[in-house]
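All remarks here apply to the structure that follows.
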C-alpha cells in the first residue's frame, strides 16, 4: 500500500521495510517487488546488483522465470556485478533458509 499510495500516503521507505519483512517470511511477490524497486531506483538509489540479488532469490523460490527477465536484469550489469549479486543471493538464502 505504501509503494503505490493505496489508502495511505505514498512512502517508499515504509514500503521497502514491509517488502523486506514479507520477503524474509518467504513472499515471492515481495522479492520481485524488491528487485523492481532497486532496478528502477524507486525511493532508493538505483542498484542493479541488489536488484539482481532479489531477482535471483525470487527465481530460486518460484523455479519459473518470467520470459526474458534474467536477460533484462543483466543488460546493464558487468560479469563482476552478476557474480556479486549471485553471491549475495546465496548468502541471503542461506541466512533465511529456516523461513522457506
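Observations on the structure shown:
- The set of residues in segment 2-25 that are exposed (fewer than 13 other Cβ atoms within 10 Å of the Cβ) and either in contact (Cβ under 8 Å) with a residue 60 or more places away in the chain or touching a helix residue (DSSP H, G or I) at 6+ places or on another chain (Cβ under 7 Å) (or both) contains only 25.
- Hey, residue 29 part of a helix (DSSP H, G or I), in contact with a helix residue (DSSP H, G or I) (Cβ under 7 Å, 6 or more places away or on another chain) and under 19 Å from residue 90 (Cα atoms) or not: no
Only the coordinates and a few stated rules stand behind these numbers; no lab work does. Remember, it's a predicted structure, so these values are computed and weren't measured experimentally. In this analysis, Cβ positions are derived from the backbone assuming ideal geometry, glycine residues included, and neighbour counts consider all displayed protein chains.
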